[in-house]
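To keep things clear, I will list the structure first and then write my remarks on it.
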Amino acid sequence: MQLMLQPDLLGGWTLVRETGQIGGRSTVRREVFLDHDGALKALEQARDQQLKRGFQLMFSQGAEAPR
């Protein structure tokens, strides 16, 4: 799963979740948030759920590693 936060043109934020196998079909879901704090909280919750399922954090830009 790939998680990304992207700013939009209206001052909001979009959480992009991409799932699927490398080289195969993937699914992209987008959630829109009015503020950065709400979007970041949702991203961290999604990240934490994946880590609990045994996924490993491969790359993180602009954020601290989870504890």
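The values are calculated or read from the model by the stated rules, or taken from the named source; none is laboratory data. Since this is a predicted model, take the numbers as computed values, not measurements. Heads up, the Cβs are rebuilt from the backbone with ideal geometry, glycines too, and the neighbour counts pull from every protein chain shown.
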(message) So, in the stretch 46-55, exactly how many residues are exposed (fewer than 10 other Cβ atoms within 10 Å of the Cβ) and either assigned to a helix (DSSP H, G or I) or under 14 Å from the mean Cα position of the chain (by Cα) (or both)?
(response) 1
(request) Show the residue pairs that are 6+ apart or on different chains and have beta-carbon atoms under 6 Å apart, the first residue being within the stretch 1-22 and within 21 Å of MET58 (Cα to Cα) and in contact (Cβ under 8 Å) with a residue 12 or more places away in the chain, the second being aliphatic (A, V, I, L, M) and part of a loop (DSSP other than H, G, I, E, B). (result) THR19/MET1
(request) State whether one or more residues within the stretch 42-52 are of a type in the set (Lys, Arg) and modelled with pLDDT of 95 or more. (result) no
(request) Any chance you could count how many residues in the stretch 1-26 are closer than 13 Å to ALA42 by Cβ and not polar (S, T, N, Q)? (result) 8
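Go through the stretch 1-42 and count every residue that is assigned to a strand (DSSP E or B) and surrounded by 14 or more Cβ atoms within 10 Å (Cβ to Cβ). Spell out how you get there, then give the answer.
Residues of the stretch 1-42 that are assigned to a strand (DSSP E or B), as a first pass: 2-7, 13-20, 26-33.
Remaining after also requiring surrounded by 14 or more Cβ atoms within 10 Å (Cβ to Cβ): 3, 5, 13-17, 31, 33.
Matching residues across the stretch 1-42 total 9.
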(request) Identify the residue in the stretch 12-41 that is closer than 14 Å to MET1 by Cβ and among the β-branched types (Val, Ile, Thr) and, among all such residues, is modelled with the lowest pLDDT. (result) ILE22
